[in-house]
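Peer 1: Dropping a structure here in structure tokens format, bear with me for questions.
The values are calculated or read from the model by the stated rules, or taken from the named source; none is laboratory data. A quick note: this is a predicted structure, and the numbers were derived from the prediction, not measured. Here Cβ is always computed from backbone atoms with ideal geometry, including for glycine, and neighbour counts include all displayed protein chains. Quick note on the areas: whole protein, heavy atoms, side chains included, nothing else; ligands and nucleic acids left out. Shrake-Rupley method; radii C 1.70, N 1.55, O 1.52, S 1.80 Å.
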Amino acid sequence: SGSDVTRVQKKLIQYGYMTGAADGRYGEKTRDAVRWFQRKNGLTADGRVGPATAAALGVTLSGSSSSSTIISADHRLLAKLVYAEARGEPYKGQVAVAAVVLNRVRSASFPNTVSGVVYQQNAFTCVNNGSINNTPDSSCIRAALDALNGWDPTGGCLYYYNPRKTDDEWIR
């Protein structure tokens with residue numbers, strides 16, 4: 001129980017894995033929501049919020065080290081998303097994917113954290129199919145950092161697609 005559980009519950013509620021209020025008690029309802037989140041995101045579905053689950057949720061547990069953990073967790077998650085969504089794209093396209101996520105974080109129409117945007121239900125195919133859990137390469141890590149440092153080749157866009165590789169009529 002306590003503030004760590006409350007932070008986890010708030011994220012689970014925000015992402016649609018749990019309903020009700022964040023009461024700070026880790027009961028059956030919270031455990032089941034954590035397991036559901038873990039299953040949907042390719043994590044070990046044990047119901048425990050260890051370092052991998054906490055990072056995927058975008059929370060820093062009180063036992064974690066310095067505040068730079070939050071920045072490195074955002075960078076890591078953003079790099080994983082870029083790798084899963086844009087590893088075959090030119091570098092500028094990789095930065096653009098990361099920039100779109102950050103633009104969404106700043107938009108009132110989306111969650112206000114990197115993990116909130118990435119794990120928003122059905123927002124990214126790579127989360128649904130588990131490829132978000134692949135290890136990013138150095139290009140994707142650099143692209144995520146460039147976007148975090150302010151480069152936005154999209155000019156503020158909230159969506160992206162490659163017209164040569166997309167047959168989804170919704171985006172068109």
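Peer 1: For residue 86, are the conditions met, namely being crowded, with 16+ Cβ neighbours inside 10 Å, under 24 Å from residue 160 (Cα atoms) and in contact with an Asp or Glu (Cβ under 6 Å, 6 or more places away or on another chain)?
Peer 2: On the way: crowded, with 16+ Cβ neighbours inside 10 Å: yes; under 24 Å from residue 160 (Cα atoms): yes; in contact with an Asp or Glu (Cβ under 6 Å, 6 or more places away or on another chain): no.
Taking the combined requirement at face value, the residue does not satisfy it.
Peer 1: Counting just the residues of region 51-62 that are outside any helix (DSSP H, G or I) and among the hydroxyl-bearing types (Ser, Thr, Tyr), which one comes out nearest to the chain's Cα centre (by Cα)? It would help to see each step written out before you state the result.
Peer 2: Looking only at region 51-62, we keep the residues that are outside any helix (DSSP H, G or I), and these are 58-62.
After this cut, where a residue has to be among the hydroxyl-bearing types (Ser, Thr, Tyr) as well, the list is 60, 62.
Numbers: 60: 14, 62: 20 Å.
Result: 60.
Peer 1: Within region 105-139, which residues are polar (S, T, N, Q), in a helix (DSSP H, G or I) and open to solvent by 40 Å² or more (accessible area, probe 1.4 Å)? Let's see the steps before the verdict.
Peer 2: Residues of region 105-139 polar (S, T, N, Q): 107, 109, 112-113, 115, 120-122, 125, 128-129, 131, 133-135, 138-139.
Still in the list and also in a helix (DSSP H, G or I): 115, 125, 128-129, 131, 133, 138-139.
Residues satisfying the conditions are 125, 128, 129, 133, 138.
Peer 1: Further question: Quick check on my filter: what residues within region 129-172 are at pLDDT below 85 and farther than 19 Å from residue 74 by Cβ?
Peer 2: 161, 162, 163, 164, 165, 166, 167, 168, 169, 170, 171, 172
Peer 1: In region 20-50, which residue that is touching a residue at least 12 places away in the same chain (Cβ under 8 Å), assigned to a loop (DSSP other than H, G, I, E, B) and open to solvent by 80 Å² or more (accessible area, probe 1.4 Å) is nearest to residue 129 (Cα to Cα)?
Peer 2: Only one residue fits best here, namely 48.
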